[in-house]
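What follows draws every value from the coordinates through simple rules; no lab data is involved. Because the structure is predicted, anything quoted here is derived from the model rather than measured. All Cβ positions, even for glycine, are placed from backbone atoms using ideal geometry, and neighbour counts span all protein chains on display.
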Amino acid sequence: MPYIIGLTGGIGSGKSTIADLFSELGVPTIDADVVARQVVEKGSPLLAQIADHFGSSILTDGGELNRPTLRERIFQSETEKNWLNNLLHPAIRREMLQQLAQISAPYVLWVVPLLIENQLTEFCDRVLVVDVSPEVQLARATRRDQSKIEVIKNIMAAQVDRQTRLTFADDVIENNLPLNENLSQLKQQVAMLHQRYLHLSQTKGN
Ligand code: ATP
């Protein structure tokens, strides 16, 4: 395994924004949200199992997963939701670990919104938290997703709270300031962390 930096933070905290800054430095990233889509892509065995279980109406005409329909189905039934989670969670975890193992760079940034909630910190050599105040989080996520404040609040309530998340952090990037005021400082901090991670990665015996 390469040296693994788990990057996490609440909804709308700026994980993707920070991950992009690491990518600009050539750091490979594995994003849990991307893997979650890959495991159910068209033609995948998991998508076939989902279609067997829920019926073919769960597929679009093009054979892709019809996400709004699936969301609706599991929203209506806790049993169906558990069935789906039991199918997907182990598969996503397996796929992420496989992809991590294939990385040959000194270190990899593993972007996982629910890193702490799903007990994935045990696979990380280090945890980097993007920290923002709940007010900023709510404002940015609501604007980005064009969602109702209540919807974002519910998602925030289902995630670990800010203080708990910070107790898992080895490093913290504070992302409260608007990007137009703070981008150069964020880039500097990412560059410093990059040097630290390159150094630390040499200490991991493989
Ligand atoms: P999620 O887990 O919900 O996908 P995330 O943690 O990856 O979110 P981003 O998508 O990076 O968060 O950021 C959320 C929104 O806030 C985006 O629209 C992004 O452009 C914006 N944003 C991020 N950081 C800042 C900032 N410092 N100033 C202003 N806007 C920001």
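Of the residues making up segment 8-50, those that are under 19 Å from residue 89 (Cβ atoms) and among the small types (Gly, Ala, Ser) are 32, 36, 44, 48.
State whether the residues of segment 74-92 include one that is buried (at least 18 other Cβ atoms within 10 Å of the Cβ), within 15 Å of the chain's Cα centre (by Cα) and under 20 Å from residue 3 (Cβ atoms). No, segment 74-92 contains no residue that is buried (at least 18 other Cβ atoms within 10 Å of the Cβ), within 15 Å of the chain's Cα centre (by Cα) and under 20 Å from residue 3 (Cβ atoms).
Among the residues of segment 28-42, the ones that are outside any helix (DSSP H, G or I) and more than 13 Å from the ligand (Cβ to nearest atom) come to 6 in all. Among the residues of segment 171-196, those identified as in contact with an Asp or Glu (Cβ under 9 Å, 6 or more places away or on another chain) and away from the ligand (no atom under 16 Å from the Cβ) are 193, 196.
One line per residue, one yes/no per condition, for (1) of a type in the set (Lys, Arg); (2) without any contact (Cβ under 8 Å) to a residue 40 or more places away in the chain:
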residue: 32; (1), (2): no, no
residue: 38; (1), (2): no, no
residue: 61; (1), (2): no, yes
residue: 68; (1), (2): no, yes
residue: 71; (1), (2): yes, yes
residue: 76; (1), (2): no, yes
residue: 81; (1), (2): yes, yes
residue: 88; (1), (2): no, no
residue: 94; (1), (2): yes, yes
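Scanning segment 94-131 for residues that are of a type in the set (Val, Ile, Thr), away from the ligand (no atom under 13 Å from the Cβ) and farther than 18 Å from residue 163 by Cα yields 103, 108. Count of segment 51-61 residues, restricted to those that are more than 23 Å from residue 95 (Cβ to Cβ) and either touching a helix residue (DSSP H, G or I) at 6+ places or on another chain (Cβ under 9 Å) or not in a helix (DSSP H, G or I) (or both), is 3. Against the list (1) within 13 Å of the ligand (Cβ to nearest atom); (2) among the hydroxyl-bearing types (Ser, Thr, Tyr); (3) over 15 Å from residue 24 (Cβ atoms), the condition residue 167 fails is (1).
Which one of these is within 16 Å of the ligand (Cβ to nearest atom), farther than 30 Å from residue 69 by Cα and out of contact with any strand residue (DSSP E or B) (no Cβ under 7 Å at 6 or more places or on another chain): 21, 25? First the steps, then the outcome.
On the way: 25 fails: within 16 Å of the ligand (Cβ to nearest atom).
One residue alone meets the criteria, 21.
In segment 147-170, is there at least one residue being surrounded by 11 or more Cβ atoms within 10 Å (Cβ to Cβ), in contact with a helix residue (DSSP H, G or I) (Cβ under 8 Å, 6 or more places away or on another chain) and acidic (Asp, Glu)? Checked against the condition, which is being surrounded by 11 or more Cβ atoms within 10 Å (Cβ to Cβ), in contact with a helix residue (DSSP H, G or I) (Cβ under 8 Å, 6 or more places away or on another chain) and acidic (Asp, Glu), segment 147-170 yields no hits at all.
Residues of segment 118-140 that are of a type in the set (Lys, Arg) and closer than 26 Å to residue 154 by Cβ: 140 alone.
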